[in-house]
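Notes for the one structure printed next.
Values quoted throughout were computed directly from the atomic coordinates according to the rules given, and no laboratory measurement underlies them. Predicted model, so just to flag it, every value in this text is computed and none were measured. Cβ: placed from backbone, ideal geometry, glycine included. Neighbour counts: every protein chain shown.
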Amino acid sequence: MDRNLDIAERVLQSATGGRRESEVSFLQGLLSDIGAGASAAAAMSPARLYRTILGGGPASEDMRNALEIVARPSERPDGALRAGDWMLRVVPGTGDTGHVTVLVSDDLQAPSAFVADGIDAESAQDGQYGVVVEAGAFPHNRSRPFARRWLDGRGRVPPHSLVLRPRRRQTAPTLDPPASHPHTLDPLPLDPLPLDPPAPEPPDADPPGIGLLDGGLLDGGLPDGGLPEDGSLDGSRDQDTAEDMGTFTPPAWLKVERRSRRVKARATEGEAVEYDTGETQGWVSDDGFVAPPWLKIERRSRRLPEGTEFAPEDEAFTFDPTGAQTDFGPKLRKAWHELLKAAFKKNIDEATNEIATRLRISTAAAAKHVRFFSPASRSPAVMLSAKNVPWRAFPTSRGAASPATYKHFDELHADPTTGAMLRDQDEYCEWKVFRDGAGKIVRVVFTSEPPEYYRFLHNPGVASLTKFARGLLVKLYQERCGSKAVTLADLEITAPSGDKVYDPGNRWNRDHCVHLQQPNNTLGAQINIAALASIVMKDASGALITSVSKLIPCTRFGEASRQSDPFIGDNVNKLARDNHFVTLQNPVGLYMVSLDTSGWTTPDGTDAQKFWKVIKGKVDKSPGKSMIVRAEYAVPAGKGYTVSDIKIGGAPIEFGSQIAEQLEMRLGALAGPKDKDPEGRATTPPPPAPC
Amino acid sequence: MSTPPKDEPLLELDEIQGNVVPGFKKNHQHFVFFSISDAAAARTCLSKLHERLSSAAEVFEAHLAWKRLKARLGRDPDAAQFLFVNIALSASGLGTLIGKADVDTFADTAFKIGQAERSTFIGDPAAKTDPGHAAGWLVGGPKHPVDGVLILASDDLPWLEDESKKLETEFAAGGMKIEHKDRGDVGTAPRAGHEHFGFKDDISHPAMRGRWPKAPYDFLAPRTLPADKAFDPLRADFAAPGNRLVWPGHFIFGYGRQNPDDPRIYEPANEPKGPTWARNGSLMVYRRLRQHPDVFWRFVEDTASVLAKTNPKSAPDKNRLAALLIGRWPSGTPVARSADKDIGITGDALNYFSYADKQVPPLPGDAAPQAADPDGLLCPLGAHIRKVNPRDQATDLGISERTPPRSILRRGITYATREGDKGLLFVAYQSSITDQFEFLMRQWVNKPDTPRNMAGQDPILAQGRGRVFHLPIDGKMKEIAITKTFVEATGGEYFFSPSIGFFRKQLARAAKK
């Protein structure tokens, strides 16, 4: 494959001209090399090739004879990408602006891995990156390495991108690109295309290669709803479409209505369509839909940028199950989404009402003070930047760590309200210590699964799902507890109404740490803190409150004695003060990130990290993105020693608390751009509300 | 108007050793490390030394006398010389002299285990062959265990050396063996008062609360905020501009500490836990830190030249980049107050800044800019001084009111040997090494996402490859990889600096037994 790359680099050397011309010249050199039809190749630009291949027709067939489609936009490739694969990118709404790049190596990696090697990556977004050969304003090759994002965090090709594989290898020993790739294209607009930044930017930067947000694409767009009341994107095209409609199968997101002799097309809820001025014919959507000639498509709202939680592929936004778990089928997932959607609404409403009452203003006016939003009700049309809030799992609510506090948090304590014996671990992470007959620790199980997850399974809110969900509830308990003895009745308690309800304090949870049990460790608390902390406040003297210790008693969120609540509140309120809108990362959760075992020693020298086992949740190469909800620290039986024989900084592990002290947690927040609301409209900071 | 609490505890300054508070602050400071070969003889020898140990009161009065003389002369006095002596003992030394059972009553795990065994926990390399591993230490560690350290300080080097020889002779005759000597000298750095990378050091310290029954000060830490009413909101929390008040129990045994969530609330019963004889004592960290100025400046120059290509309009030059890594310019001027150039701030203004909010009110005569910098656009979140002291910002610990208990009393001094080895003899006092020095190292210095997310590791103190620094440039953060180690330990141990009464009573009593 190196040979192919040699050729690509030689093609690159001969690709001359400005950014645009060199892109075209480079592509034509590559096409010529693989034997694509000379006449077709001579007319190709990256954007045209993209549309040609996805658009069908004879030209597409020609190209597909030479190029295999590895993955369409937002598709997962069936196999691994290979060195020599091409990626085409287009920027919708910009006419013929596109880019072609050739993969140098098939070992795709996270951007941080490249940065560690001193290689710039085009962004720090989650995903799989590979070094490329490419033209453009800043050409790259193996001696000037640069990594581009080939797959997103879910292993899919990014939107507006297409991965192709030459069907036959480049074998031409020599190339003469200047002669064989005449510049016969129509004059092309030379709009700047931020495909290639000179250096990697932090995650909150606009991702290169997208460039959708610049230039006021939303200007003149629709008000709040994004679509006109009748949902039409274009109701004015006056032509007979009967014949066309006879063979036209619209994609799922496009609703086509016949009204007299007019055709109305409208996007389904949550969808938006962009137009390509002057190039209605051949317009190709992300999923490969090619607009028929009779269909005029106009953009009425901005397509979402790549890299947010709510990228185009997620436009029908759903709250995913905490920890990106796969326990649920589609129906339960939908029901879970409704649960979270309601929780967001409830907490936003509460925050709004709090302000309305305090300021004696209408709820509509009060809503402007709440800078927390639900992506389920306000589909964001802006780039959202991730903000992690870290803390440690070991609580600080009982003062500094000591053998006494270690012991306290390892044990159950009577709940002051109910008298039930519960864990008192109040940093959104709980653990259970398992000891052998000699009192030595053999295993410590950690959970950050919210009680809502299990309560939901007991009552998913959809009668037809209840039986199935309860079966799943028992199954999950049996798995967590390693016992088939768990029954539904064990997990229930009789409410004063006489109904059977889910009991988070059930003995199986108590004994096996199935999920969070401490009364304040809930997803609801997390959402509540974020909603209330998003209100900017002022003190009696009129001064802006910036200290979270003053904010907590004022807005009444969370517990000041915790590490997590104040730090979450501090970060959210800071963003609100800076006039950002804030929401929570999807899937919403409070996650374990990593266990720091540096300075730990084991009796046989085994790396202490090997005994940390993630049981449930997502582990990311970049720990700050991990979403771990269940894990355990245990020494395999054959080792001949126990967890108690391991030392942390020379001190033997006597309590699970000592491990919790080294366990990092995180909450992921998302912030919109400064001075913009989620819909992308300019917004001014609300006046601080009096405390 | 907020007023400082009047019930600050009375400090027994005649009992506290003087390097704990107010600190020796002399041009020469020698650390003579010893082991105990004959416990009975050592008890007798050390117990007799109580009269030669410099108390906090003595050192404090000496400093006042020196200041008065300087004020009268208008220059540093030539003849006003002092020689101070302190002794600290490691857990092994105390165990030998007093008994392990007593030592075990200290709550502090780190002190009882010792620095060498904790070394990888606080970020020293795990591989024995790597520089900085305890196996290669010159003092402390498996090859050079020590039971105690004799500290001598003076501006008069010959006097210091003469006294050191006498004491070493007495120690040798008293059942102790001299294992190692480190010679601190402020003159070895590029400029006095600066460390070897070239930056002014020793600027920001906590102000220990507590009263002293002698004139001229009611409070041990004089309250010197301007009298203007505009400064009233600061008086309850600061002794001087930027000089945060911290309760004595965070440094000295036998006194209370703050309420965990409110630094203004004194909890007298919340004393550090240890044996009864620990009263007026303090735990001392000693780290022999070798600095590599050549490696540091080469990294800075190389990085600056790369940035000049990637960000030609806004790349910092090498001096500015170095200042951003430290958080201060060579003069000590905080980059939070002057991000673009070294404007040579002096006096109280050097320490008068905060991060979450703009520091107000302005100090009289202080024209340097003040601005809030919560996101680290002026002073990077990862700058050394910001990593170890996030000031008014909330942290991964929660509210910012939880930060003062992590403070330490730094008493370090630069050193250089004829062989080219140079660095800092780092000394810090506190009442819990685990919760203070080690917390700072493990939780803030060595982690990339604390005390604020996306901070990166401490570019100066963290070691090894794979570190990152987030440089504010063009309004964004640029991640810079740091693969070289600039500072590494070549020795160290944890000690307890007992009260003078410990030598006079406990040790004398033990010697009689």
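Annotations for the structure displayed:
- Dimensions (Å) - region A:565-691, Cα atoms, principal axes, largest first: 64, 29, 18
- Mean-position separation - Cα centroids, region A:435-494 and region B:148-182, in angstrom: 67 Å
- Relative to the longest principal axis of the Cα atoms of chain B, the long axis of helix B:293-310 lies at roughly 10 degrees.
- Sequence-distant contacts, meaning Cα pairs under 8 Å at least 6 residues apart, place the relative contact order of region A:385-535 at 23 percent.
- Cα-based reach from residue A:550 at 23 Å (exclusive), listing lysines while leaving out same-chain residues under 8 positions away: A:368, A:387, A:538, A:574, B:229, B:358
- Region A:96-161 pair-distance distribution - Cα-Cα, 5 Å bins, rounded %: 4, 19, 29, 27, 16, 5, 1, 0
- Annotation for residue A:138 and residue A:377: the two label points, set 7 Å from Cα along the Cα-Cβ direction, are 4.2 nm apart.
- Dividing the convex hull volume of the alpha carbon atoms of region A:430-474 by its residue count gives 73 Å³ per residue.
- Cα convex hull volume per residue for region B:65-153 (Å³): 179 Å³
- Rounded D (µm²/s) - region B:283-416, Kirkwood Rh over Cα pairs, Stokes-Einstein at 10 °C, 1.306 mPa s: 96 µm²/s
- Mean sequence separation of contacting Cα pairs (under 8 Å, at least six apart), scaled by the length of chain B, corresponds to a relative contact order of 22 percent.
- FRET efficiency for the pair residue B:474 and residue B:129, taken as 1/(1 + (r/R0)^6) with r the Cβ-Cβ distance and R0 = 56 Å, rounds to 0.85.
- Region B:291-348: C-alpha pair distances exceeding 16 Å, %: 46 percent
- Of every Cα-Cα pair in region B:425-487, the percent that sits beyond 17 Å: 47 percent
- Neighbour-count order for A:580, B:205, fewest beta carbons within 10 angstrom listed first: B:205, A:580
- Whole-percent pair-distance distribution, where bins are 5 Å wide, for the alpha carbons of region B:131-220: 2, 10, 12, 12, 15, 18, 17, 10, 4, 1
- Placing pseudo-labels 7 Å out from each Cα toward the beta carbon at residue A:349 and residue A:578 gives an inter-label distance of 3.2 nm.
- Two numbers describe the Cα atoms of chain B: Rg and Dmax, which are 22.4, 75 Å.
- Per residue, the average separation of C-alpha pairs within less than 8 Å and at least 6 apart gives region B:355-504 a relative contact order of 18 percent.
- Protection proxy ranking for A:661-674, B:484-497, using the average of other Cβ atoms within 10 Å per residue and placing the highest first: B:484-497, A:661-674.
- Approximate spin-label separation residue B:276-residue A:436, in nm, with each point projected 7 Å along Cα-to-Cβ: 4.2 nm
- Once the C-beta distance of residue B:310 and residue B:512 is scaled by a Förster radius of 51 Å, the resulting FRET efficiency is 0.10 to the nearest 0.05.
- Region A:625-653 and region B:240-315 have Cα centres spaced 31 Å apart.
- Cα-based helix-to-principal-axis angle, B:157-173 vs chain B, degrees rounded to 10: 50 degrees
- Between residue B:7 and residue B:181, the FRET efficiency from the beta-carbon distance, with R0 = 41 Å, is close to 0.40.
- Subtracting the Cα-Cα distance of residue B:419 and residue B:377 from their residue separation scaled by 0.36 nm leaves 11.1 nm.
- Panel note: the C-alpha atoms of region B:332-475, placed on their principal axes, show extents of 42, 38, 35 Å (largest first).
- Label point 7 Å beyond Cα of residue A:361 along Cβ direction - residues of region A:652-691 with amide nitrogen under 18 Å: A:675-678, A:682-691
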